Amino acid sequence: MGKSDLHIHTTYSMDGTATVREALESARRAGLDVIAITDHDEVRGSLEARALSTEYGIQVIPGAEVSTSEGHLIVLFIERNIPSGMSLIDTLICVREMGGMAIAAHPDHPIPSSISLQSILKALEHPQAREALYGLEVYNMNPTHSPFNARSQKAAADLPLAHIASSDAHIASMIGAGMTHFDGSNVRDLRQAIQRRDTRPEQVNHEWPPRIFFRWLRLFLRRKINEVFAKNETSQSLSSNPIE
């Protein structure tokens, strides 16, 4: 049975801390067969990961975490960015037109970035939007969201959608903390399993959420400090070597 993690962030996300190569290496160590790099409203990280994937023995689905006006949506199998800020239904219609599939990220959590159950039900009633919405995260292991996973599981119980478990990793060590199991071992098998609603979600990591948060905070601050130093070095180099 294949193992996948379909919600991973890299430094292409403002709040990510892992480079694409670090994410691929962590996915390999976690024993994953398929991953999706889903940076915030940005597909470049996933395209870079796909280009490097054979070096790590991992298959990569191109994707992004799209910010709709009603919450965040994991979008898979896309090659270019989808505009942010559209309604959930309009975003799903766009995903359908691009040949992709969508998963509601951390649904029905009591935070602004989560899509409500009411919005999901409304989308499933729309003849075009429902053709792109295939799954719900029932386990999201990001420390911001994991305390509310029971709400997602309750929302998913009676819906005709695949159940997905993801890490929502913003640090490399969390990749694989939530896994979606599927029959097969490759991207095509996984896509077919999601379409059949035949997936098995697993919560792998049981670490105390505040501990994960402070580990992320330390790495995030280190990234920002390094970016400041790099910017200053570039400025000093340009000032000492003016263009004539």
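If we keep just the residues of the range 28-44 that are within 14 Å of the chain's Cα centre (by Cα) and more than 12 Å from Ile61 (Cβ to Cβ), which is surrounded by the fewest Cβ atoms within 10 Å (Cβ to Cβ)?
Looking at the filtered set, the residue picked out is Arg44.
Tell me, which residue of the range 175-192 that is assigned to a helix (DSSP H, G or I) and in contact (Cβ under 8 Å) with a residue 60 or more places away in the chain is surrounded by the most Cβ atoms within 10 Å (Cβ to Cβ)? Step through it out loud before you land on a result.
Filtering the range 175-192 for residues assigned to a helix (DSSP H, G or I) gives 187-192.
Going one step further and asking which of them are in contact (Cβ under 8 Å) with a residue 60 or more places away in the chain, we end up with 187, 189-191.
Values: Val187: 21, Asp189: 18, Leu190: 26, Arg191: 18.
Of everything passing the filter in the range 175-192, Leu190 is surrounded by the most Cβ atoms within 10 Å (Cβ to Cβ).
Under 9 Å between Cβ atoms, at least 6 apart or on separate chains: pull out the pairs that start in the range 56-72 with a residue that is closer than 20 Å to His109 by Cβ and free of Cβ contacts under 8 Å to residues at least 12 places away in the same chain and end on any residue that is outside any strand (DSSP E or B) and among the basic types (Lys, Arg).
Pairs found: none.
If you scan the range 1-26, which residues turn out to be part of a helix (DSSP H, G or I) and touching an Asp or Glu at 6+ places or on another chain (Cβ under 7 Å)? Walk me through it before giving the result.
Start the filter on the range 1-26 by keeping residues that are part of a helix (DSSP H, G or I), which leaves 20-26.
Hit for the range 1-26 is Val20, nothing else.
Here is a list: His72, His9. Which entry is more than 21 Å from Leu219 (Cβ to Cβ) and crowded, with 21+ Cβ neighbours inside 10 Å? Walk me through it before giving the result.
Details: His9 fails: more than 21 Å from Leu219 (Cβ to Cβ).
When all the criteria are applied, what remains is His72.
Between residues in the range 139-166 that are surrounded by fewer than 18 Cβ atoms within 10 Å (Cβ to Cβ) and residues that are of a type in the set (Lys, Arg) and not in a helix (DSSP H, G or I), which pairs lie under 7 Å by C-beta distance while being six or more apart or on different chains?
Pro160/Arg197
What are the residues in the range 87-126 that are crowded, with 18+ Cβ neighbours inside 10 Å, assigned to a loop (DSSP other than H, G, I, E, B) and not charged (D, E, K, R), if any?
Within the range 87-126, Gly100, Ala105, His106, Pro107, His109, Ser114, Ile115 meet the criteria.
Out of the residues in the range 127-138 that are in contact (Cβ under 8 Å) with a residue 40 or more places away in the chain and either among the aliphatic types (A, V, I, L, M) or not in a strand (DSSP E or B) (or both), state the one that is nearest to Arg200 (Cα to Cα). Can you show your working first?
Within the range 127-138, the subset in contact (Cβ under 8 Å) with a residue 40 or more places away in the chain is 129, 132-135, 137-138.
With either among the aliphatic types (A, V, I, L, M) or not in a strand (DSSP E or B) (or both) added as a condition, the list becomes 129, 132-133, 138.
Details: Ala129: 24, Ala132: 20, Leu133: 18, Val138: 10 Å.
Looking at residues that are in contact (Cβ under 8 Å) with a residue 40 or more places away in the chain and either among the aliphatic types (A, V, I, L, M) or not in a strand (DSSP E or B) (or both), I get Val138.
Please list, ordered by first then second residue, the pairs with beta carbon atoms under 7 Å, 6 or more apart or interchain, first in the range 9-34 and farther than 22 Å from Ala105 by Cβ, second surrounded by fewer than 24 Cβ atoms within 10 Å (Cβ to Cβ) and polar (S, T, N, Q).
Every condition considered, the pairs that remain are Thr19/Thr11.
Tell me which of these Arg197 doesn't satisfy, since it passes every other one: (1) of a type in the set (Lys, Arg); (2) part of a helix (DSSP H, G or I); (3) touching a residue at least 24 places away in the same chain (Cβ under 8 Å).
(2)
Read-outs: derived from the displayed coordinates by stated rules, not from any lab. From a predicted model like this one, the values you see are computed outputs, not experimental measurements. All Cβ positions, even for glycine, are placed from backbone atoms using ideal geometry, and neighbour counts span all protein chains on display.
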